[in-house]
Structures are given as structure tokens and as C-alpha cells.
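The values are calculated or read from the model by the stated rules, or taken from the named source; none is laboratory data. Nothing here was measured: the structure is a model prediction, and the numbers come from that model. Virtual Cβ from ideal backbone geometry, glycine too; neighbours counted across all protein chains shown. Calculation scope for accessible area: heavy atoms of the full protein, side chains included, ligands and nucleic acids excluded. Shrake-Rupley method; radii C 1.70, N 1.55, O 1.52, S 1.80 Å.
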Amino acid sequence: MDYFKFQAPTQIVFGKNTEEQTGQLCKKYGAHKVLVHFGGGSAVKSGLLDRICASLQQAGLDYVLLGGVVPNPLLSKVREGVELCRKENVDFILAVGGGSVIDSAKAIGYGLTNPGDVWDYYLRKKEIAACAPLGTVLTIAAAGSEMSNSSVITNEDGLLKRGLNTDYCYCKFAVLNPQLTYTLPAYQTASGCTDIMVHTLERYFTTPKAQALHLTDSIAEALLRGVMRNAKIALKNPEDYDARAEIMWSGTLSHNGTTGDRDFGDWSCHQLEHELSGVFGVAHGAGLAAIWGSWARYVCRENIARFAQLAVNVFGLPYNYRDPEATALEGIAAMESFFRHIGMPTDIHTLIGAELTEAQIEELAYKCSFMGTRTIGQFKVLNQQDMAAIYRMAK
Ligand code: NZQ
Ligand code: ZN
């Protein structure tokens, strides 16, 4: 096993009705005045927000509300949050929602504790040195932000979506009640399951020469098989507690480092997708489904054995000893077939309802390469031309 670091400082409180503990948890982690941050209305409609406020009151905590976070959260809302927190002397941020709300909360936490404009940190012009304490009540199993060190924000000015990873933004606690995900629309359930799977896939495909690691590979493959099985159950019966619970815990483990023990991963699909959701506002998981198969076909010859292992161990396909590449390609097709089965697009045309023009492809590749200044990926290092080629294949 190569050198790696693993850090998982978030307290998980998992199970039915666990949101009732939110007030006590905020208090435990030092809150006096809480910003309750939420999205476009699902938490209001379900009554969750009222229950959270009651729990904060019971714990004797003061709070202020800030809703309106949109999927692919916006910088303008982050700036509004920073201002509000300063005015109200907020000392703890509680995200009630999914990846978008949590990432917006993390960005507000950065803005409160670091000098200047918060966007400069996402552009790597300055380095983050702190973050205000955060907690979350998760309502969608998907992004894994509840236990990750990432925050992804879109600047409306130029539609630039940028991620920032630091050790400062881990949530102090995450309340995971699978019942809270019963109200998810089918598309969001499917998109979330796709994102969960791709977080593990990004770590499964590292450098082409990386050794297969039995323990880590087995965890990753079991997670992939489990999410596929439970996604189908939850889509048929949205109130199946066990399926929702398996998906929710998989979502957290998939992005906290458990499914990859190397300190890196490929992450090309995420980088390629962030440009799609930044520009077209699509659901992140759906964007990943639209790009993954094209990426996989573009890079698989770097290590056919790895893709063949995925085909055999995750989809139970027979290994073709005479033609391992055929096994690898069947595995990629099986993954796409699963995505389609749960209602996800496997091309950009289906994702956005139109074919990308050549000018759009070039623009996406330009942005994804940070205006021609970076490559992405590890399994196969991709330059701007490679990025454009993959968008073209997926269009
Ligand atoms: O805004 P509301 O009304 O709450 O509706 C949301 C939103 O429309 C809805 N929803 C959430 N919980 C619900 C619900 N609807 C009914 N019942 C519930 N219980 O679902 C929609 C999507 O929510 P969102 O928070 O956007 O979903 P997700 O968790 O997929 O987050 C996506 C964002 O996370 C980023 C993505 O790029 C995207 O911006 N990511 C963050 C990562 C991280 N911080 O570690 C890693 C990921 O790879 C990803 O990039
Ligand atoms: Zn993701």
C-alpha cells in the first residue's frame, strides 16, 4: 500500500428522527447564534425546517434564517450569507439540505474567517487559513459534502464553477436520517445515486500502473453493487427505509476517502461535469452520467485490466481471456445501461435537450483547462484537446 492520509473528523448521527438532536449538537460544538441555511423550499414544505428551529430553541440557541440556495450554489448567495452572519454575530452555520446548501455554508464559513472576497480563494489567488464551525442535517444522499473537505461554488459572472478543498471545512457533525430523503423526486434520487457511484469510480481509476488493492477494491465494488441494487428499490418504493439508509451511508462513505486509500484519484469526469452544470445548470449526478461512458471509452486502453475487473466484479460479466478489451467495453456499456435504467442521460444531448455546437465544445474545454493552463486526470492525463474530444464523443 502506498503512502496515504485519511481524515474523517465529522461526528455522524444516523437514524430515524435524529434531526431532533440538532440543537444539542450545535450547542456541543460551541454555537451561540446559528445561521440556518437552506435551499429552495423542500425543507420548508416537509416541515423539517420548523422541527430544526424548535430543536434550536429547546437547546436555548438563538438563530437567523437564510434560504434560497439553488442547485449548483451561487457566489451571490454566499456573499449575502457572509454579510448577514457579520451583522447578526453568527458563530455557527447549520446547513439543512444537500450538497448545494452544505457547499454554500462552507463558503460562508470561509468568507467569515478569511480576509477579502471569498471568490479569490476559489480562484487560488489566496490561501484559506480557517473556516467557521459548521454542521449539517442532510436531506439528499448524493454529493457527500457532509463528510468531505470540498465546497463547489458557481460565480454567475462568467458561469465559472470552481471547487475548493481544505482541511478547515469539515462539518463538526452530520445528522443523517434516511427518512428525510423519502420526498426526493425520482430524478434527484437517481442523480444522487450516480454521483455516489462516480465518487467511488473516480478513486477506482487512479494511475494506470497503480496496483489493484484487495481490501480497497472490495469496498469500492461492494459499494457500487449496493448502490445499484438499492437505487432500483428506492425508485420503486421511495419510502423503503433500508434502501434509503444504504444509499445515504454509501453516499457519505463514497466521498470521505473510505473507498480509495490512495491520496488521489482521477477526477476527470468531475472536472468535465462541473463545466456542464456551471453553464447549463443541470443536476451534477446527471451530468456525470452523461460524460462517464465517453470518458471511459476514451481512456480505457491505458489499463484494460482495470476496466475488465470492474466489469467482472461489479456487473458479474464473464472474463473474455482471448479479448479482455471486449470485457472492458461490455462493463462500460453495462454501467451506461444501468444509468439509463434509473432515468439518467448517457449523452449531453439528452442531458440538456440539444446537441452541443463546436463552439460550445471548445468553450467548455477552454474553461475546464482553466483557460489552457492545466491538465486533468491521472488514469490518462487529459489536455484541452482531450477534453474537447470527450465532450465531442458525449455530445
Ligand atoms: O432546494 P430544495 O428545495 O431543497 O430542493 C433540492 C434541489 O432542488 C432538492 N432536494 C434536496 N433534498 C430534498 C429535495 N427535494 C425533496 N426532498 C428532499 N428531501 O434536490 C435538489 C438538488 O439539491 P442539491 O443540494 O443541489 O443536490 P446535491 O446534494 O446533489 O448537490 C449538488 C451540488 O454539490 C456539488 C455539485 O457540484 C453540486 O453543486 N458537489 C459537492 C461535493 C462536495 N462538496 O464534496 C462533491 C460533489 O462531487 C459535487 O461536485
Ligand atoms: Zn460528485
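Laid out as a table, the results:
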item	result
All helices (runs of 4 or more DSSP H) inside segment 303-395 with 2 or more residues being open to solvent by less than 20 Å² (accessible area, probe 1.4 Å) and closer than 21 Å to residue 210 by Cα	304-315, 324-341
Matching residues in segment 116-156 - criterion: being touching a residue at least 60 places away in the same chain (Cβ under 8 Å) and either part of a loop (DSSP other than H, G, I, E, B) or charged (D, E, K, R) (or both)	133, 139, 141, 142, 143, 144, 145, 146, 147, 148, 149, 156
In segment 171-187, the residues that are touching a Phe, Trp or Tyr at 6+ places or on another chain (Cβ under 7 Å) and either in a strand (DSSP E or B) or among the aromatic types (Phe, Trp, Tyr) (or both)	173, 176
Residue satisfying all of: in segment 133-150; surrounded by 22 or more Cβ atoms within 10 Å (Cβ to Cβ) and away from ligand 2 (no atom under 16 Å from the Cβ); nearest to residue 277 (Cα to Cα) among these	139
Verdict on residue 84 being over 25 Å from residue 283 (Cβ atoms) and either open to solvent by less than 60 Å² (accessible area, probe 1.4 Å) or not in a loop (DSSP other than H, G, I, E, B) (or both)	yes
Test for residue 101: is it in a helix (DSSP H, G or I), outside the structural domain of residue 367 (by TED's automatic domain parsing) and away from ligand 1 (no atom under 13 Å from the Cβ)	no
Single residue of 276, 272 found to be within 19 Å of residue 150 (Cα to Cα), open to solvent by less than 30 Å² (accessible area, probe 1.4 Å), touching a Cys at 6+ places or on another chain (Cβ under 7 Å) and within 16 Å of ligand 2 (Cβ to nearest atom)	272
